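Each remark here refers to the structure printed beneath this line.
The values are calculated or read from the model by the stated rules, or taken from the named source; none is laboratory data. Because the structure is a prediction, the values reported are computed rather than measured. Glycine also receives a Cβ, built like all others from the backbone with ideal geometry; neighbour counts cover every protein chain displayed.
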């Protein structure tokens, strides 16, 4: 298996999109899977590396990456050494990052004997699930999409979190990262960016107009994003597949760091369902 870590792809917003590749060198064209992490997430979180290996072993060309403003850097892509970047992240930057990655895949001749450009799928966890639903709607290169514990709405998360007037007045608010104990800034530009792009960022509208197959996976014990959001997404596209994972939390019973060589039972089920859906 070939694993290439921490490739720096030029982004649109002065910061690189740091990317990992997992594949078997066979000179056979492989289906491409692009995985997007969620809020306060990163490409090397938990068991995402194990997932990359599982997809590669199943014959896919698997790509995962850090959003350019997720708080990581090219030198240190794990955790959040760049809180200023984190505070200046927003949904449209994440959509731009994903587009840059798709452009890079589509034009990179180095992998032309390994990649089937006519079969690109997106997979997103949590907030990344909302991002892949939007991108799958607006980019014809995407042929299938999978959400893991995805959000169904960005609007409520952008405008009703705390005192909006205080946020506007002070320009920043902070959220404590329970694991790293960092005070993570959210600048008011996040709300302004959402309002300026509200129509584009409407997940309900995107899903209702989605023309490609959709698999929705959610844990039935998810306290971070309730399972009703999975049902909501499914209701907007009734011919989608909805799979609920029994006794699974928001991260499918994995944690960070994940020192084991095996998935949790729940993430193993997620991975098997995803591979089956894409094949």
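Strands (runs of 3 or more DSSP E) wholly in the range 47-149 with at least 3 residues that are under 30 Å from residue 239 (Cα atoms), in contact (Cβ under 8 Å) with a residue 60 or more places away in the chain and in contact with a helix residue (DSSP H, G or I) (Cβ under 7 Å, 6 or more places away or on another chain) - which ones?
Of the strands (runs of 3 or more DSSP E) lying wholly inside the range 47-149, those with at least 3 residues that are under 30 Å from residue 239 (Cα atoms), in contact (Cβ under 8 Å) with a residue 60 or more places away in the chain and in contact with a helix residue (DSSP H, G or I) (Cβ under 7 Å, 6 or more places away or on another chain) span 115-125, 142-148.
Would it be correct to say that residue 44 is in contact with a helix residue (DSSP H, G or I) (Cβ under 8 Å, 6 or more places away or on another chain) and modelled with pLDDT of 95 or more? Reasoning before the result, please.
Details: in contact with a helix residue (DSSP H, G or I) (Cβ under 8 Å, 6 or more places away or on another chain): no; modelled with pLDDT of 95 or more: yes.
So residue 44 does not fit the description; no.
Restricting to the range 16-26, and then to whatever is over 18 Å from the mean Cα position of the chain (by Cα) and assigned to a loop (DSSP other than H, G, I, E, B), can you tell me which residue is farthest from residue 89 (Cα to Cα)?
Initially, the range 16-26 is screened for residues over 18 Å from the mean Cα position of the chain (by Cα), giving 23-26.
Those still in the list that are assigned to a loop (DSSP other than H, G, I, E, B) too: 24-26.
On the way: 24: 34, 25: 35, 26: 38 Å.
It comes out as 26.
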Apart from one, (1) modelled with pLDDT under 95; (2) not in a strand (DSSP E or B) all hold for residue 175; the odd one out is (2)
Filter the range 87-101 for residues that are closer than 18 Å to residue 19 by Cα and touching a strand residue (DSSP E or B) at 6+ places or on another chain (Cβ under 7 Å); the one that is surrounded by the most Cβ atoms within 10 Å (Cβ to Cβ) is 97
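Out of 225, 233, 216, which single residue is surrounded by 13 or more Cβ atoms within 10 Å (Cβ to Cβ), in a strand (DSSP E or B) and in contact (Cβ under 8 Å) with a residue 12 or more places away in the chain?
Working: 225 fails: in a strand (DSSP E or B); 233 fails: in a strand (DSSP E or B).
Going through 225, 233, 216 in turn, the sole match is 216.
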